[in-house]
Each structure stands twice: as structure tokens, then as C-alpha cells.
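**Student:** Structure below; questions to follow.
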């Protein structure tokens, strides 16, 4: 009898233990490499707020900005291993992962404005690209805008040939590497978190980035010139570990998808505003001279980089490129 009582007690205890475990919130570690006050940083915090409110505490989102957990080169591997559940890496990160089609977003001047861009990221082409991540153990949830990139340096760059011989930091992207080499520059691949010091110590002369990243990263403090080239797009894909995502309670997953949709709308609404404000802040700082280009001068930069499109057409997929050209009205001749 005593044994039966003990066994029942053990079973009851086990049941209570399992119930307690079932009530533990699901924890999602959301790691990214940028500052909290960037569009990405603000959208990540909004997603946290919406997700926790709407799941009524069943999910806890831990946001780790500024490369606190992982740097650029480490984060995707960490996601695949399950050390972190959610990231928002730059789209250029997926080329080295073996999905070269994503590098179409790195092509110079492929988008002239957000309206053209959103025809791709919010349409079937964008959705199709996210599906290609699944064999890598990754589920793509959304595209988040940052903005259009500019050239910064300690030497003035008004004409494309002014980039010749300059050491310019780039993320890991064969397309961006080729873009810089086409301009005669010497691309230097390094993590975003290392750029400020590299600029400060002269390891690099400059970089390409959006206004918001340049300002929040304090690059304007160590860069004498900023040229408004608008030569490329910088955006992110919010991704999760596929095994983790598929293992969530369907009701929770649906709620998180709704929170992500609203955070995405918010991010894309504030991206242009944040970049405009960051540019104004750079001007007000008086530390960086802003070089505005005439339409003719910008056209010269466009023509100087057009051969990069043809150089990568086969690797990125000619059919994909032609579809994007049709959707956006892009003219690969550079006119």
C-alpha cells in the first residue's frame, strides 16, 4: 500500500511538474547588429511588445541589439544551431549561405525608390526568395527596409573615379565587392560593429551605408565627406530557426505572425523618415560635409556600375533579373 501511495505521489508530482513546465513562457532570443534607435532596432522592440501582449505572456522576446550576442559573420550559424531563434540580417548575408538570388538586392541602382522596391519585397518574387531559405533550416518571415545607401569617406567623392584607390568597407557580398572594384576602390569586408574603429584608425578610408546606420553608428564623427549617391538598397530579412518555428503551438505561431506583420508595416513606414532625420543630424553635427549630386552626376555613378548587372546575371538568375526589371521599369543600359 505504501508503495502505491508513493507511486501515486510520484505520478502526481510529475504531472504538476509537467504542468509547471507547460506554463513556462516560450523564450525567443532576437539578435541583431544595429543600435536600438535604428529602424530595425525600433521595429524589433515593437515586435517584442506586440508579441508579449498578444500572447498574454505565453511568449517572451529577448532583444539583443548592437552585436551583443553575435557579430555579422556569426549570427546565421548561431540561428541554424538553435543558439538564437530570430535574426534580421542584411539580405547580402544569404549569398554566402549559398542562396545567390538574394544578392539581386545588392545590385547598384536596381531600385530607384521604395515603390519599386516594394513591388518585389511585398510580392511573389520576395515570397519565393524567402522559401529558398527553408532547406537551410531557416524560415523567412518578412522584409524590413533600412534605406538607400550613400558613400562616405575621408576623401571627397563626387565623380565615380574619385573612389579609385580608396579602401571602402563592405559587408560580405560578392556583388558589392564587384561594385567597388568596378569603381576602382579596394573593398574591405568586415563586421558592422568593427567599422567605427576601422575608420578612426585609418584601416579603411570609408564605407557605403544608409544615413541612419551611419549616424547611429557615429561614423559621421570619423568621416569627413558623405556623398548622396543613393546607389544601392539596404534591407533585412527577419528569419527564425525553422525547427523551432514549426514546433510552436499553431495558435502562438499565428499570433506571432500577426505581430510581425504589424512590426513590418511600422518599420517600413519609419525607414525613410528615420533616414531623412539622420541626414539632417549629420548636417547639423558639422563634422561631415554632405555632397549632393546633380541628376547628371548621379547618372554618371549609375553608368559606371552597370556592368556589375551583366557580370552577375547568370549567377543570380537571368530570369529573376528580367522579372525584376519588368516590375520596376529598370533599364540595364544605365540610361
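**Student:** Does at least one position in region 154-170 carry a residue that is touching a residue at least 60 places away in the same chain (Cβ under 8 Å) and under 30 Å from residue 82 (Cβ atoms)?
**Tutor:** The answer is no; no qualifying residue exists.
**Student:** All but one of (1) in contact (Cβ under 8 Å) with a residue 40 or more places away in the chain; (2) under 18 Å from the mean Cα position of the chain (by Cα); (3) farther than 26 Å from residue 113 by Cα hold for residue 205; which doesn't?
**Tutor:** (2)
**Student:** Considering only region 42-75, state which residues are in contact (Cβ under 8 Å) with a residue 40 or more places away in the chain and either in a helix (DSSP H, G or I) or under 17 Å from residue 140 (Cβ atoms) (or both).
**Tutor:** Initial filter on region 42-75 (in contact (Cβ under 8 Å) with a residue 40 or more places away in the chain): 42-44, 46-47, 50-51, 54-55, 58-59, 66-67, 69, 71-73, 75.
Selection gives 42, 43, 44, 46, 47, 50, 51, 54, 72, 73, 75.
**Student:** If I ask for residues that are touching a strand residue (DSSP E or B) at 6+ places or on another chain (Cβ under 9 Å) and part of a helix (DSSP H, G or I), which ones from region 279-288 would you list?
**Tutor:** Keep residues of region 279-288 that are touching a strand residue (DSSP E or B) at 6+ places or on another chain (Cβ under 9 Å), which gives 279, 282-283, 288.
Answer for region 279-288, where residues must be touching a strand residue (DSSP E or B) at 6+ places or on another chain (Cβ under 9 Å) and part of a helix (DSSP H, G or I): 279, 282, 283.
**Student:** Name the residue, out of 257, 251, 208, that is in contact with a strand residue (DSSP E or B) (Cβ under 9 Å, 6 or more places away or on another chain) and exposed (fewer than 15 other Cβ atoms within 10 Å of the Cβ).
**Tutor:** Answer to the check: 257.
**Student:** While we're here: Determine the pairs where a residue that is more than 22 Å from residue 300 (Cα to Cα), located within region 219-230, has a partner that is at pLDDT below 95 with Cβ atoms under 9 Å apart, the partner being 6 or more residues away or on another chain.
**Tutor:** 219/213
**Student:** Still on this model: Can you tell me how many residues within region 104-125 are within 28 Å of residue 304 (Cα to Cα), part of a loop (DSSP other than H, G, I, E, B) and in contact (Cβ under 8 Å) with a residue 12 or more places away in the chain?
**Tutor:** 6
**Student:** Ok, one more. When you check residue 131 against the structure, is it out of contact with any helix residue (DSSP H, G or I) (no Cβ under 6 Å at 6 or more places or on another chain) and either without any contact (Cβ under 8 Å) to a residue 12 or more places away in the chain or more than 30 Å from residue 27 (Cβ to Cβ) (or both), yes or no?
**Tutor:** yes
**Student:** Residues in region 289-335 that are in a helix (DSSP H, G or I) and either surrounded by 14 or more Cβ atoms within 10 Å (Cβ to Cβ) or touching a residue at least 24 places away in the same chain (Cβ under 8 Å) (or both): how many?
**Tutor:** Qualifying residue count, region 289-335: 24.
**Student:** So which of 258, 206, 235 ends up being in contact with a helix residue (DSSP H, G or I) (Cβ under 6 Å, 6 or more places away or on another chain) and modelled with pLDDT of 95 or more?
**Tutor:** When all the criteria are applied, what remains is 235.
**Student:** Right, something else. For region 92-103, which positions are buried (at least 22 other Cβ atoms within 10 Å of the Cβ) and either outside any helix (DSSP H, G or I) or modelled with pLDDT of 95 or more (or both)?
**Tutor:** Scanning region 92-103 gives a single hit, 95.
**Student:** Answer with yes or no whether residue 54 is surrounded by fewer than 19 Cβ atoms within 10 Å (Cβ to Cβ), modelled with pLDDT of 90 or more and touching a strand residue (DSSP E or B) at 6+ places or on another chain (Cβ under 6 Å).
**Tutor:** No; evaluated as a whole, the condition is false for this residue.
**Student:** Right, here's the next one. Are any residues in region 126-173 outside any loop (DSSP other than H, G, I, E, B) and surrounded by fewer than 17 Cβ atoms within 10 Å (Cβ to Cβ), and if so, which ones? Even if it seems obvious, please write down each step before you answer.
**Tutor:** Narrowing region 126-173 to residues outside any loop (DSSP other than H, G, I, E, B): 126-131, 134-136, 138-153, 160-163, 167-170.
Answer for region 126-173, where residues must be outside any loop (DSSP other than H, G, I, E, B) and surrounded by fewer than 17 Cβ atoms within 10 Å (Cβ to Cβ): 127, 128, 131, 134, 135, 136, 161.
**Student:** Has region 233-240 got any residue that is farther than 25 Å from residue 328 by Cα, touching a strand residue (DSSP E or B) at 6+ places or on another chain (Cβ under 9 Å) and part of a helix (DSSP H, G or I)?
**Tutor:** No, there is no match, as no residue in region 233-240 is farther than 25 Å from residue 328 by Cα, touching a strand residue (DSSP E or B) at 6+ places or on another chain (Cβ under 9 Å) and part of a helix (DSSP H, G or I).
The values are calculated or read from the model by the stated rules, or taken from the named source; none is laboratory data. Keep in mind that this is a model prediction, so the values were computed, not measured. Cβ coordinates were reconstructed from backbone atoms using ideal geometry, including for glycine residues, and neighbour counts include every protein chain displayed.
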